[in-house]
Amino acid sequence: MAAADASASDDARDAGAREDPLLEELRAHEHRGPLGALALDVLGRQAEGRTQFVGREHVRKRAADLGVEREKAGTSLCNVLDLLERGAESDRERRVVVSLAVLGLADAVARDDGVAEALVERAVRHATWLEIATELGWLRALASESEGALAQRVIDELAQHVIDRSVGTLHREPRDRAYAVALVAALASARRLRADERLAELARHEGLDPVVAVAVRELSGAGRVSMTAEPALDGRAAPDTARGARAVLRWITGWAALVGLGRGVARLLGRERRVALSLRGREVDIRESGGVLGRPTTERASSVPVQSLLSVSRERAHAGAALYAGALALAAGVLVGGYLAFDGLRSGELVLASVGAGLVVLGVVADLAADVLARSARGGATVELVLPRGRVVRLVAPSREAADAFLEALRARMR
């Protein structure tokens, strides 16, 4: 049941990636069965022979055996039989070949589930060699285009081959390291939760080849490459805001003014804090960094299971003009007011000192007011995650659309 749920989740997660008209055309092709079987046979022959090209005579013979007729092998892009005879020359043509081979494998497994394990193992072995030796990209197509139970088998077989090529029975030559890295990349590009889980398991494996282990860590950790198109959000850190009685108390005691003054001074000194969020399977990777005048000073990375989040929310945020106006008001208040207050105290002019102090307070209040007004202005959006133990992560997203897209993906994984 868990496998079925994972398969359904993976299919839903990958639906957008499958909206390729050419791929949908191949799936619905009237002669998909024999065309897929032929493409699977040709790629298998190519991998077994360690050759860049399969002879025209072999393709014609296998086409006759499988009942493929040239006039029925047409697609909107090309004639499949012609394509297999001469070899793919463009990315789209290579996509036709590997996609048909994936469909051929799916049909073969559906016909006889008893040999499914052997068929998938052989396909992954062939695709691994082709991934290194050719431009076809069949290994990535197997990982990302397989559906349902076949997708689960393929993902598991890819992970097993990583171990075999790195520490297991197939780890015989230095080139096996390249094969293992290609398998890891295919897992990372699968856009499936099951693949994320297998990568996490591989990251905990202690016996992997050092180079393979680095690839696994990079493709399964917080620094995961964009090839998996995981939802992510990056922006300036937003200060935590008090609410209700706590907010009133901060204003009455003057603590809010002191905090605002400190924040304004930090801005004047060029201090900046940023937060980057990214989804990785059922976890949220959080990377917080700080810097002064563009130079990094601190960095903190952590991961939190999505199910442990107490709340996620978005609010309209910081329009740049209001923030800059507030910063200027604060700067003017501190500089001018501080000068007048110091001069008044030095000369004994209490009125001048009072005016100076008032200007400082006015600058702080103006900065706080601009901060509040900016939250209701058009512009970015503040995203807030409440973590266990009271920890709150807030950042200002570049736009409301970006914030909404990330939160939608996050809430989908929290269900």
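The values are calculated or read from the model by the stated rules, or taken from the named source; none is laboratory data. Only a predicted model underlies this, so the values are computations on that prediction, with no experimental measurement involved. No Cβ is skipped: glycine too gets one built from the backbone with ideal geometry, and neighbour counts run over all protein chains shown.
Before moving on, here are some points about what is shown:
- Every pair of residues 6+ apart whose Cβ atoms lie under 7 Å, when the first sits in the range 282-303 and is more than 15 Å from Leu395 (Cα to Cα) and modelled with pLDDT under 70 while the second is of a type in the set (Ser, Thr, Tyr) and surrounded by fewer than 16 Cβ atoms within 10 Å (Cβ to Cβ): Gly291/Thr297
- Take the conditions (1) modelled with pLDDT under 85; (2) of a type outside the set (S, T, N, Q); (3) touching an Asp or Glu at 6+ places or on another chain (Cβ under 7 Å); Asp14 misses just one of them, which is (3).
- Any hit, the range 363-372, residues being modelled with pLDDT under 70, farther than 30 Å from Gly344 by Cα and surrounded by fewer than 20 Cβ atoms within 10 Å (Cβ to Cβ): yes
- Across the range 175-221, the number of residues qualifying as more than 15 Å from Ala143 (Cα to Cα), within 14 Å of the chain's Cα centre (by Cα) and assigned to a loop (DSSP other than H, G, I, E, B) comes to 1.
- Among the conditions (1) under 17 Å from Val275 (Cα atoms); (2) in contact with a strand residue (DSSP E or B) (Cβ under 7 Å, 6 or more places away or on another chain); (3) at pLDDT 80 or above; (4) of a type outside the set (Val, Ile, Thr), Arg411 misses just one, which is (1).
- Candidate set from the range 108-145 (those that are over 24 Å from Leu193 (Cα atoms) and touching a residue at least 60 places away in the same chain (Cβ under 8 Å)); member that is surrounded by the fewest Cβ atoms within 10 Å (Cβ to Cβ): Ala133
- Count of residues meeting criterion [under 28 Å from Ser289 (Cβ atoms), buried (at least 20 other Cβ atoms within 10 Å of the Cβ) and at pLDDT 55 or above] in the range 205-230: 4
- Number of the condition not met by Val248 [criteria: (1) β-branched (Val, Ile, Thr); (2) loosely packed, with under 14 Cβ neighbours inside 10 Å; (3) at pLDDT 60 or above]: (3)
- Restricting the range 374-400 to residues that are at pLDDT 80 or above and out of contact with any Lys or Arg (no Cβ under 9 Å at 6 or more places or on another chain), the residue that is nearest to Arg236 (Cα to Cα) is Arg394.
- Residues located in the range 17-44, provided they are outside any helix (DSSP H, G or I) and at pLDDT below 50: Glu19
- Only one of the listed residues (Leu119, Leu130) is more than 25 Å from Ala215 (Cβ to Cβ) and not in a loop (DSSP other than H, G, I, E, B). That residue is Leu119.
- Looking across the range 53-106, the residues that are of a type in the set (Val, Ile, Thr) and either outside the structural domain of Pro34 (by TED's automatic domain parsing) or assigned to a helix (DSSP H, G or I) (or both) come down to Val59, Val80, Val96, Val97, Val98, Val102.
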